[in-house]
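Structure record follows, encoded as structure tokens.
The values are calculated or read from the model by the stated rules, or taken from the named source; none is laboratory data. Here the structure is a predicted model, which is why all the values come from computation and not from measurement. Note: ideal-geometry Cβ built from the backbone for every residue, glycine included; neighbour counts use all protein chains shown. All accessible areas refer to the heavy atoms of the entire protein, side chains included, with ligands and DNA or RNA removed. Shrake-Rupley method; radii C 1.70, N 1.55, O 1.52, S 1.80 Å.
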Amino acid sequence: MIDDLKKLYLRFNYTDENGFIFNAPILKEGEHLSIGFDNKRKEFNIHFTNDNINESGAKRRDFIFVISAFRFFLFLKRFDAFYNQSILNLIIESKTNLGKLKKHKFILNTITTSEEAEDKLIHKKKNGRYWKFRKNLDLDFIAENFKYIDEVALSNNSFYLAYKLKNNNLALQGILYKFEHLNSLYFIPIKKYNRFTKHMAIAMYNYFNAYPTEETLPFRQLMYERLKHPYLDKEEAKRLQS
């Protein structure tokens, strides 16, 4: 597992001429996922790249989603309001207090709030545009940052992953937020959060199905296979499968 973790990386690049591109590895050896905006073509795209192909002129990229800049920003504008209201409702209805959390004996991952984490775990280069886990990961440091909630001074405007110890393994239970201006704690159980993210994905799928194009078909097919939810349009699902 640690060896697999060391292979992970995030790479981001931007130029005024070409636009931006974000790269991340996938499970297939020698392939990575790219999300980008092409300033020359004025379009947003998602594609897979096979780094094992080195022949000149050979096809290395497999585009699964391409959309014009106008339609992309229109989607963002429409989806943004819906998403913000939905996540706000999710958080507000998940208000809790420290006493309840302590009763559950949650173990918190404090790495995201630790100032040491970046130096000890992550190697950055190319002006911070390339992130990769260090080869000499400090496993003791990682272990030390899992603490019972009684031992943690919760930081303002922060979030924590909360776990429970079950059969000598850490089982993720949910996400804990603390907001300074609300002076409150909010705990979202992982099942509830997963249900929320799935509903957001379904809303995105239905939006692109309402304005179908050939360039977005592979992405919609992929989303349908991952979701397969009754909220999806049944007639459209049949068409995608045919």
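Quick look at the values:
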| quantity | calculated |
| --- | --- |
| Among the candidates Phe48, Phe82, Phe37, residue that is surrounded by 13 or more Cβ atoms within 10 Å (Cβ to Cβ), within 24 Å of Tyr224 (Cβ to Cβ) and in contact with a helix residue (DSSP H, G or I) (Cβ under 9 Å, 6 or more places away or on another chain) | Phe82 |
| Selected residue (criterion: farthest from Pro218 (Cα to Cα)) from residues of region 31-61 that are within 21 Å of the chain's Cα centre (by Cα) and either modelled with pLDDT under 90 or of a type in the set (Ser, Thr, Tyr) (or both) | Glu31 |
| Odd one out for Ser184, checked against (1) open to solvent by 30 Å² or more (accessible area, probe 1.4 Å); (2) modelled with pLDDT of 85 or more | (1) |
| Which listed residue, of Ile64, Ile122, Ile92, is modelled with pLDDT of 80 or more and open to solvent by less than 50 Å² (accessible area, probe 1.4 Å) | Ile64 |
| Residue within region 150-157 that is out of contact with any Leu (no Cβ under 7 Å at 6 or more places or on another chain), open to solvent by less than 90 Å² (accessible area, probe 1.4 Å) and not small (Gly, Ala, Ser) present | yes |
| Among the residues listed as Phe159, Phe196, the single one being more than 22 Å from Gly99 (Cβ to Cβ) and hydrophobic (A, V, I, L, M, F, W, C) | Phe196 |
| Residue within region 52-69 that is touching a residue at least 24 places away in the same chain (Cβ under 8 Å) and not in a strand (DSSP E or B) present | yes |
| Region 219-234, subset farther than 16 Å from Thr197 by Cβ and open to solvent by less than 50 Å² (accessible area, probe 1.4 Å), residue modelled with the lowest pLDDT | Tyr224 |
| Filter result (over 13 Å from Tyr9 (Cα atoms) and out of contact with any strand residue (DSSP E or B) (no Cβ under 9 Å at 6 or more places or on another chain)) within region 21-57 | Glu29, Ile53, Asn54, Glu55, Ser56, Gly57 |
| Pair list, Cβ < 8 Å and 6+ apart or interchain, from region 127-151 residues that are under 30 Å from Leu98 (Cβ atoms) to residues that are open to solvent by less than 70 Å² (accessible area, probe 1.4 Å) and in a loop (DSSP other than H, G, I, E, B) | Asn145/Thr110; Asn145/Ser114; Phe146/Thr110; Lys147/Thr110; Tyr148/Phe106; Ile149/Phe106 |
| Residue check, Leu161 over 17 Å from Ile91 (Cα atoms) and among the aliphatic types (A, V, I, L, M) | no |
| All positions within region 164-197 that are closer than 20 Å to Ile92 by Cβ and of a type in the set (Lys, Arg) | Lys178, Lys191, Lys192, Arg195 |
